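To start, the structure under review is shown below, and the notes come after it.
The values are calculated or read from the model by the stated rules, or taken from the named source; none is laboratory data. Computed from a prediction, not measured in an experiment: that's the story for all the values here. We place every Cβ from the backbone using ideal geometry, glycine too, and count neighbours over all the protein chains shown. Surface accessibility is based on the protein's heavy atoms, side chains included, excluding ligands, DNA and RNA. Shrake-Rupley method; radii C 1.70, N 1.55, O 1.52, S 1.80 Å.
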Amino acid sequence: MARLIKQSRRYEIIPAGSIRVFDALAESIAYQQLNGKAAATIWGRVRALYPKRKWLEPAKVLGTPDEMLRAAGLSRAKTAALKDLAAKTIDGTVPSGRALLKMGDDEIIARLTQVRGIGRWTVEMLLLFDLGRPDVWPVDDYGVRKGFAKTFGKRKLPTPRELMKHGEKWRPYRSVAAWYFWRALDDNVEKLSV
């Protein structure tokens, strides 16, 4: 692990002072299961449906005909998820950014996974990258599992259960460990195992 940290760029996640939860999750929905370039194109088309708006408004998204969102490139499932996110933001299931900053990780996961199309992994990425929470341990993330295997010279990827057990040694800074396991897969990091 020390060699990995030495060879990688520094941990650079900074806690957000504020967050637009609806916008962050809407973008996550658009990006799910797509490569970055395709997802960015589709997300750009979705954003273009609401010109001159810095932030998406849940009520406007809810009022947008499904056909328009589909024409922008969203699948039926993503359109339904985006509409559910908008409805659950309006009804308060999805907390405001200010409220979210005061909540614990488990409470955030419980609240946000009530939204169609938002699973634990999506919320963990929000906790880690948008909120800068220090102890997020995404054991289902393929990159974290693969980076762990590479770092420690394992032939097989650890199961989420095995990774959960290994992660205890990095508590309460498991976000940092996850970050470095992702870095283990960067092209500039040479072979780590002995």
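A few comments on the model shown:
- Residues of the range 143-167 that are farther than 15 Å from residue 182 by Cβ and polar (S, T, N, Q): 159 alone.
- Within the range 1-37, being at pLDDT below 90 and aliphatic (A, V, I, L, M) holds for 1, 2, 4, 5, 13, 14, 16, 19, 34.
- Within the range 120-143, the only residue that satisfies the criterion of being more than 25 Å from residue 97 (Cα to Cα) and modelled with pLDDT of 95 or more is 139.
- The residue of the range 146-159 that is farthest from residue 85 (Cα to Cα), among those that are in a helix (DSSP H, G or I) and open to solvent by 20 Å² or more (accessible area, probe 1.4 Å), is 150.
- Candidate set: the range 1-25, residues that are free of Cβ contacts under 8 Å to residues at least 60 places away in the same chain and over 30 Å from residue 153 (Cα atoms); chosen: the one least open to solvent (accessible area, probe 1.4 Å): 23
- Qualifying residue in the range 147-155 (condition: under 16 Å from the mean Cα position of the chain (by Cα) and in contact (Cβ under 8 Å) with a residue 24 or more places away in the chain): no
- So residue 191, is it farther than 15 Å from residue 121 by Cα, in a loop (DSSP other than H, G, I, E, B), modelled with pLDDT under 95 and not small (Gly, Ala, Ser): yes
- Some residue of the range 166-186 being open to solvent by 10 Å² or more (accessible area, probe 1.4 Å), in contact with an Asp or Glu (Cβ under 6 Å, 6 or more places away or on another chain), without any contact (Cβ under 8 Å) to a residue 24 or more places away in the chain and outside any loop (DSSP other than H, G, I, E, B): no
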